[in-house]
Amino acid sequence: MSGASKSDVGIKGEVRVIRMDEHGRVLSDETYHNTATDWARAVLAQLILTPPNQESGSVLTSRPLYISLGTGTGTASHTDVAMFAEVYNTRRAFSYSATFQGFAAQLTVAYQTTDPSGTFTEAGLWDANVTTTTLASAVTAGAKSITLANGAPALYGSTVPGQYNTLYINDSTNPEYASIAQTVSAGTTTLTLQNGLQYAHASGTQVVLFSGNLWGHVTFPQAVTKGQGEQLVIQWTVYLQAV
């Protein structure tokens, strides 16, 4: 829009991280600005152009539904399509949601004392849960590819070692993370890895794929540690604001 007075619509997000002990006493409470991704911008642009009750296509059916934590390092960017190193078993559907002031959505995930503990350096806002499948055949330590029993969804990989942890091999004896070497299309069953596997895994071992579309990404200026027996609340607020 043009004229003497300019008013555009922009996306702004804040992530509040509240760490508590087992009794709910607050140990720390910090708020960080997130980075809205190009995917989120594309969804909103198409929504504006779509007549009411006529949503269609993969973009318009995308909604931010899940929050996850990670241990990767780097600077969040609007071009991000994945977290740097998502942690297994931290992607959770929000347990509480609300709107306020008419133009903000607030999504909350509460990690309990029994949920994964550790030191986290990033968080992501996703439109889908992780995807699970199994190994179609056994792999040896050092293997640089795996074959899945079912076709994978689209996955984002990188030629930079350790750029994305795109999968987790949920082996009860020797679990491990792995990164794929490049982006793969939906339906792919053989994934090439950036580095050789640390351990051997039997056929039928569960593989967790960190799939979905990333709506928002934040890296914490200071790492957040959730100790054993502590609780962690992630409150993600997305604003549509005049800028």
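Each of ASP115 and ASN89 was given a label point 7 Å from its Cα along the Cα-to-Cβ line. The distance between the two points is 1.3 nm. Here the spin labels are modelled as points 7 Å beyond Cα on the Cα-Cβ line, and at THR132 and VAL160 they lie 3.2 nm apart.
Evaluated on the chain, the Kirkwood hydrodynamic radius is 19.2 Å, with distances taken between all distinct Cα atoms.
Among the protein heavy atoms of the stretch 149-201, carbon and sulfur supply 45% of the accessible surface, probe 1.4 Å, non-protein parts ignored.
The long axis of helix 38-49 is offset from the longest Cα principal axis of the chain by roughly 50 degrees. Between LEU27 and ASP171, the simple spin-label model (points 7 angstrom out along Cα→Cβ) gives 3.2 nm.
The values are calculated or read from the model by the stated rules, or taken from the named source; none is laboratory data. For clarity, every value in this text was computed on a predicted model and none was experimentally measured. Neighbour counts run over all protein chains shown; Cβ positions are idealised from the backbone, glycine included. Keep in mind that these areas ignore ligands, DNA and RNA; they rest on the heavy atoms of the full protein, side chains included. Shrake-Rupley method; radii C 1.70, N 1.55, O 1.52, S 1.80 Å.
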